[in-house]
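One structure below.
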């Protein structure tokens, strides 16, 4: 339970992404905001860890850095710019379903109807919270939202598959990916956008929040959680992103939630919580817990809590971050 709570801090910090980007950042700076969220945090993490990748971890770090950071961040902000936040959030909520399917294709696990069902319930709940009658479905924004969800889902499953190499700390592991993602973003950002004008103290504070809290802290906790929790269960925690953003709208923008939105909020929370537990009748207890503890070189099996056979297996504004 402690690891679940710690990992939940990551999506809760990501819930602030759209608010900070829209209120603190210069306009029309999708690429630069993505770069500032990744590269400085990656450099700081590498200075703390003082360890670079070796061998195959060079290319693995760039693959994961692209999926989780370098490609995902611009897609996230593109969807946020072109779609109402409710639509973007609902597209992001599809991520747990994609993870469930990818665990079958990449990790060779048996399909889990239990987590598939709760993934669908989570999408319905998020949709009730954030989708309004005036939702606009821009094609480019829709594609960006779906591809972004697929990128992060693939990153989650590959992070589970490859694990974390021996001798590297969670901060260092996050630094590899943030640094790689930042390097991937650097040249396109300078070529397409350059450095935006109007960067003031407010913008600097926003970049610091996105990079240090939403980047370094959040990804350190996130990757540590993926290492020991089942991939589908971890991805369900991302339902906290649109829910947290909706709560932020109520707290900071004076928005209100109607009865239907409150029902959706409760549904999404139930889906997230239920997805953290194994299906009724599956093997649990000490044996499953023992299998879920990773060794120094081997990540925890994503299917530690999956099907028994696999064990034997501001509303209308917030995007998924």
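The values are calculated or read from the model by the stated rules, or taken from the named source; none is laboratory data. On a predicted model such as this, the values are computed, not experimentally measured, just so you know. Note that each Cβ is placed from the backbone with ideal geometry, even for glycine, and that neighbours are counted across all protein chains shown.
For the reader, a short list of remarks on this structure follows.
- Some residue of segment 220-237 being more than 20 Å from residue 103 (Cα to Cα), modelled with pLDDT of 90 or more and either over 13 Å from the mean Cα position of the chain (by Cα) or crowded, with 17+ Cβ neighbours inside 10 Å (or both): yes
- With respect to the conditions (1) buried (at least 17 other Cβ atoms within 10 Å of the Cβ); (2) under 15 Å from the mean Cα position of the chain (by Cα), residue 57 falls short on a single one, namely (2).
- Scanning segment 186-201 for residues that are part of a loop (DSSP other than H, G, I, E, B) and surrounded by 14 or more Cβ atoms within 10 Å (Cβ to Cβ) yields 193, 196, 199.
- Tally, over segment 76-101, of residues that are closer than 26 Å to residue 269 by Cα, at pLDDT 80 or above and surrounded by fewer than 24 Cβ atoms within 10 Å (Cβ to Cβ): 4
- Out of 159, 154, one residue alone is in contact with a helix residue (DSSP H, G or I) (Cβ under 7 Å, 6 or more places away or on another chain) and within 15 Å of residue 233 (Cβ to Cβ). It is 159.
- Sole residue being modelled with pLDDT under 90, closer than 18 Å to residue 13 by Cα and surrounded by 15 or more Cβ atoms within 10 Å (Cβ to Cβ), chosen from 217, 178, 248: 248
- Looking across 121, 204, one residue alone is at pLDDT below 95 and surrounded by 15 or more Cβ atoms within 10 Å (Cβ to Cβ). It is 121.
- Test: residue in segment 260-271 that is modelled with pLDDT under 75, out of contact with any helix residue (DSSP H, G or I) (no Cβ under 6 Å at 6 or more places or on another chain), more than 20 Å from residue 108 (Cα to Cα) and surrounded by fewer than 20 Cβ atoms within 10 Å (Cβ to Cβ): no
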